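Q: My questions will all concern the structure given below.
The values are calculated or read from the model by the stated rules, or taken from the named source; none is laboratory data. Nothing here was measured: the structure is a model prediction, and the numbers come from that model. Cβ sites come from the backbone with ideal geometry, for glycine too, and all protein chains shown count toward neighbours. Accessible surface areas use protein heavy atoms only, side chains included; no ligands, DNA or RNA. Shrake-Rupley method; radii C 1.70, N 1.55, O 1.52, S 1.80 Å.
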Amino acid sequence: MKTVIVIDYGMSNLRSVTKALEHVAAQDWKVKVSDKADVILHADKVVFPGQGAIGNCMTLLNQSGLADAIKQTLEDKPFLGICLGLQTLLTSSEESGGTVCFNWTSGTVRRFVEPIEELQSGERLKIPQMGWNQVQQTEFHPLWTGIPDNSWFYFVHSYYVDPIDSGVVVGTTEYCGINFASIIARDNVFA
């Protein structure tokens, strides 16, 4: 049986991600949660979910030894990053006073700036963004199959990724006057 491992590093939305994967997985796939580097390295596919602050996330990953396993996984396994699983792929983050990340692609995780003006509707945008927003598909990717362009996804975040290489951007979203990369991908990685 083939395995999808959901990484457990102590601060992620494991239950919802695991249940969603179990719902869509074919019968010959087993979805498991693990905090063991060797289990992650032997998985067929890896999912890195996350919620919270990136400084704490990177500290836990480095202390547990999972950081090295994730870096190795990024080289050769199908990898899906969600939320912090996306943010960790850049060089650094402005969050937590500045945090060094995996540098899978060069770039910075930046904080949204509070908008000064109200929307035409009179509504004020708030940080963090909490709610539904559209994702524009900017490049073809097999994981877009069956998902219409400009579909709605749920966001909860105060930071956005700003990769230097626009070639990794496969989806963008607009918030606070910024059209930011909401999905990046290259080779085996989609986040």
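Q: Going residue by residue through segment 148-160, is there one that turns out to be of a type in the set (F, W, Y), open to solvent by 20 Å² or more (accessible area, probe 1.4 Å), at pLDDT below 95 and more than 13 Å from the chain's Cα centre (by Cα)?
A: No, there is no match, as no residue in segment 148-160 is of a type in the set (F, W, Y), open to solvent by 20 Å² or more (accessible area, probe 1.4 Å), at pLDDT below 95 and more than 13 Å from the chain's Cα centre (by Cα).
Q: Same structure again: Quickly run through segment 161-191 and pick out the residues that are at pLDDT below 95 and of a type in the set (V, I, T).
A: Result: I178, single match.
Q: Take the residues in segment 106-115 that are modelled with pLDDT of 75 or more and either surrounded by 11 or more Cβ atoms within 10 Å (Cβ to Cβ) or in contact with a strand residue (DSSP E or B) (Cβ under 6 Å, 6 or more places away or on another chain) (or both); name whichever of them is farthest from L90 (Cα to Cα).
A: Within segment 106-115, the match that is farthest from L90 (Cα to Cα) is F112.
Q: Within segment 1-34, restricting attention to residues that are surrounded by 14 or more Cβ atoms within 10 Å (Cβ to Cβ) and among the polar types (S, T, N, Q), which residue is farthest from F48 (Cα to Cα)?
A: The selected residue is T3.
Q: Conditions: (1) at pLDDT below 95; (2) at positive phi. N103 meets all but one. Number of the miss?
A: Single failed check for N103: (1).
Q: Same structure again: Among the strands (runs of 3 or more DSSP E) contained in segment 122-191, which hold 1 or more residues that are within 27 Å of V24 (Cβ to Cβ), of a type in the set (K, R) and without any contact (Cβ under 8 Å) to a residue 40 or more places away in the chain? Step through it out loud before you land on a result.
A: Numbers: elements: 129-137, 151-157, 159-163, 169-175, 178-186.
The strands (runs of 3 or more DSSP E) meeting that bar number zero.
Q: Of the residues that sit in segment 116-133 and are in contact with a Phe, Trp or Tyr (Cβ under 9 Å, 6 or more places away or on another chain) and open to solvent by less than 70 Å² (accessible area, probe 1.4 Å), which one is modelled with the lowest pLDDT? Spell out the reasoning first.
A: If we filter segment 116-133 for residues that are in contact with a Phe, Trp or Tyr (Cβ under 9 Å, 6 or more places away or on another chain), which is where we start, we get 125, 127-133.
With open to solvent by less than 70 Å² (accessible area, probe 1.4 Å) added as a condition, the list becomes 125, 127-129, 131, 133.
Numbers: L125: 80, I127: 89, P128: 91, Q129: 91, G131: 94, N133: 96.
If we take residues in segment 116-133 being in contact with a Phe, Trp or Tyr (Cβ under 9 Å, 6 or more places away or on another chain) and open to solvent by less than 70 Å² (accessible area, probe 1.4 Å), then L125 is modelled with the lowest pLDDT.
Q: Still on this structure, please answer the following. Quick check on segment 36-64: of everything there that is surrounded by 15 or more Cβ atoms within 10 Å (Cβ to Cβ) and more than 18 Å from the chain's Cα centre (by Cα), which residue is modelled with the lowest pLDDT?
A: S64
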